[in-house]
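Throughout, read-outs are computed from the coordinates displayed, never taken from laboratory work. Small disclaimer: the values here were computed from a predicted structure and weren't measured. Methodologically, a virtual Cβ is constructed for each residue, glycine included, from the backbone with ideal geometry; neighbour enumeration extends over all protein chains shown.
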Amino acid sequence: MISVILCGGSGTRLWPVSRRYLPKQFVKIFDGESLFQKTIKRNMNISDEIYIISNETQYFLALNQLEELALPESLKFRFFLESVGRNTAPAIGLASMDVEKDDILLVCPSDHLVENNEIYELCVSKAVELANDDCLVTFGISPSYPETGYGYIQAKGENVIAFKEKPDAHTATNYLNSGEYLWNSGMFCFKAETYLNNLKKYSEEIFTGVEKAYNNKHQISDNEIRIPYDYMRVIPDDSIDYAVMEKAENVKVVYGEFNWNDVGSFKSLYDISSKDVANNAILSTYKDKGIEPIMINSHDNLIVTGKRQIAVIGEENLVVVDTDDALLITNKSESQRVKEVVSLLKEKGSDLAEIHKTVIRPWGSYTILEEGPLYKIKKITVKPGKRLSLQKHFHRNEHWVVVSGTARVTLDDEVFLLRQNESTFIKMGAKHRLENPGNIELVIIESQVGEYTGEDDIVRIEDDFKRSE
């Protein structure tokens, strides 16, 4: 069996913890792991191979987090990197075209939480049986309350009667009371050929677009495939639910009784988190668990701590999320509206919807320490043996000071080493590259001065990671 892990998503519903360049599936607030890592772990022992459908930025996040896991040596990984997201139907189609026609695919979002692996594996085994009979299989979750944020599946036994859109509160209550409806988990299982046949039958335009994109793919390596933008952008944007599942006739459902949650809001994050004696859930995105908040006469709150001390007095049902550059305070009942904040930030042209102060890169990371209209100061950390792209800038000069480790610097035609407390100046327009030739992390402070210090003022001349942005 091949697991297909869908890694799309913009991270709007859990802002400011989750953002475009660090969406929720990669945020480590679940016992020190991310949802992506938990998804890999629960599928790695039941899969012969894992396909990860991602964009370029999330590719490097995924690679970094895979390195932290104890993975079976025999387990193979393959990445499909989409130049632009076109929803789940095309993504699954690309994976289906890359395997044998009788291969069984288990399709899983990377941002859902599943807590009982033993039951999960039993449900997958049942789905594989149905998939071998040329059925399209979905997984339904028995609803425990009238949730309005999920789609529903109307089912009779293992037969799917209908798929339903996210309901209003009254309809959701009727669904719950009827006993005929399940939450739509967004997980699927089928033969590759079965999916492609149904995609071609019910959404031929998507099938044709996916086929052209796949036939013009760029095979970067045995485990990395990139889909060109010109072919990807013309594929219709549609989900597997609309494009195939709601129209197909051979659809079955497996009842997933394995404590599932899509962690689609801060309320759902609160629901799945452990609580203190006052029913407060305390989480942290930092390895050292951050600073313990002070809670006085406060209960039923969700607190996500950062580096600052948080104190809450006489409050209930609040969500308080503290990050280095943004603070969110909302009632749990209103937490679904966080995406409206993200929309307003985008309208203002703010980077707060896109990136954190610390940004993960394939070679390491950088943290913005301070910035103003004509300057920016960063801490740059480079992993041993890694190097940044050979690049130049048109609008800024840079000054590098080594804090720890050894730096190999390329500056136009010159190559030299810098050690602790040594520095160099990068003039605007000069070709340059930073590299860590040592066995420990390289840390430098970079001071940028110029009329424009945005991240898009980078012209890459050579890049080990073949990035397009």
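Normalised by 2.2 N^0.38 Å, where N is the number of residues, the alpha-carbon radius of gyration of region 85-166 equals 1.22. If R0 equals 45 Å, the separation of the Cβ atoms of residue 145 and residue 423 corresponds to a calculated FRET efficiency of about 0.15.
Whole-Hz Karplus values for region 446-452 come out as 10, 10, 9, 9, x, 5, 8 Hz, taken residue by residue from phi with 6.51 cos²θ - 1.76 cosθ + 1.60 and θ = phi - 60°; glycine and proline positions read x. Each 10 Å bin, from zero up to the one with the longest distance, holds this percent of the alpha carbon pairs of region 2-261: 7, 30, 38, 21, 3, 0.
Among DSSP bridges having both ends in the chain, what percentage is antiparallel? Round to the nearest 5. Could the numbers behind the result be given before it?
Working: 75 of 112 bridges.
Bridges in the chain that DSSP calls antiparallel: roughly 65 percent.
Rg and Dmax, both from the Cα atoms of region 26-177 and both in Å, are 17.1, 51.
Assuming charge only on the beta carbon of Lys and Arg (+1) and of Asp and Glu (-1), the dipole of region 358-462 about its Cα centre is about 300 debye to the nearest 20. When the chain is described by a simple charge dipole with +1 on each Lys and Arg Cβ and -1 on each Asp and Glu Cβ, the residue from 277, 461, 123 located farthest towards its positive end is 461.
Per 0.36 nm of contour for each residue apart, how much would the distance between residue 462 and residue 327 grow if the chain were fully extended, relative to their Cα-Cα spacing?
Numbers: separation 135, 0.36 × 135 = 48.60 nm, distance 3.82 nm.
Full extension from residue 462 to residue 327 adds 44.8 nm.
Report the gain in length on full extension from residue 168 to residue 296: 0.36 nm times residue separation, minus Cα-Cα distance, nm rounded to one decimal. Let's see the in-between values first.
On the way: separation 128, 0.36 × 128 = 46.08 nm, distance 3.61 nm.
Stretched out fully, the residue 168 to residue 296 stretch lengthens by 42.5 nm.
The orientation-averaged shadow of the Cα convex hull for region 1-45, equal to a quarter of the hull surface, comes to 3.5 nm². By the Kirkwood approach, averaging reciprocal distances over each pair of separate Cα atoms, region 358-462 gets a hydrodynamic radius of 13.6 Å. When only Cα pairs below 8 angstrom with a gap of at least 6 residues are kept, the chain shows a relative contact order of 14 percent.
Among 419, 361, which comes first, then next, by fewest other beta-carbon atoms within 10 Å? Write out the running numbers ahead of the final one.
Values: 419 11, 361 21.
Ordered from fewest to most neighbouring Cβ atoms within 10 Å, 419, 361 come out as 419, 361.
To the nearest 10 degrees, how steep is helix 35-44 against the longest Cα principal axis of the chain, on a 0 to 90 scale? Approximately 60 degrees, to the nearest ten. Summarising the overall dimensions of region 1-93 from its C-alpha atoms, the Rg and Dmax are 12.9, 38 angstrom.
Between residue 115 and residue 403, take the C-beta separation as r, use R0 = 30 Å, and let me know the FRET efficiency to the nearest 0.05. Can you show the working numbers first?
On the way: r = 42 Å, r/R0 = 1.39.
It comes out at approximately 0.10.
Pairs exceeding 25 Å between alpha-carbon atoms, taken from 247/267; 217/348; 379/431; 307/431; 378/466: 247/267; 217/348; 307/431.
Kirkwood Rh over Cα pairs of region 178-297 into Stokes-Einstein at 37 °C, 0.692 mPa s: D in µm²/s? Value of D from the Cα-based Kirkwood radius: 172 µm²/s.
Neighbouring Cβ atoms within 10 Å as the yardstick, rank 255, 51 fewest first. Present the calculation step by step, with values, prior to reporting the outcome.
Numbers: 255 15, 51 27.
The order, fewest Cβ neighbours first, is 255, 51.
In angstrom, the C-alpha Rg and Dmax of region 290-433 are 20.7, 65.
Would you mind working out the magnitude of the charge dipole of region 140-277 relative to its Cα centre, with +1 at each Lys and Arg C-beta and -1 at each Asp and Glu C-beta, to the nearest 20 Debye? Display every interim value, and only then the final one.
Details: 14 positive and 21 negative charges, 29 e Å.
In debye, rounded to 20, region 140-277 gives about 140.
Residue by residue, region 168-174 carries 3J(HN,Hα) couplings of 7, 4, 5, 5, 4, 5, 5 Hz when phi is fed to the Karplus relation 6.51 cos²θ - 1.76 cosθ + 1.60 (θ = phi - 60°); x denotes Gly or Pro. Restricting attention to region 264-402, close to 60% of DSSP beta bridges with both partner residues there are antiparallel. Each residue of region 121-130 was assigned a 3J(HN,Hα) from its phi angle through the Karplus expression (A = 6.51, B = -1.76, C = 1.60, θ = phi - 60°), giving 5, 5, 5, 5, 4, 5, 5, 4, 4, 5 Hz with x at Gly and Pro.
Charging the Cβ of each Asp and Glu at -1 and of each Lys and Arg at +1, and nothing else, the dipole of region 2-261 about its Cα centre rounds to 640 debye. Once Kirkwood radius over Cα pairs in Å is calculated for the structure shown, the corresponding label among [x] 22.3; [y] 24.2; [z] 26.9 turns out to be [y]. Each of residue 63 and residue 30 was given a label point 7 Å from its Cα along the Cα-to-Cβ line. The distance between the two points is 2.4 nm.
Stokes-Einstein, applied to the Kirkwood radius of region 266-338 over Cα pairs at a viscosity of 0.692 mPa s and 37 °C, places its translational diffusion at 270 µm² s⁻¹.
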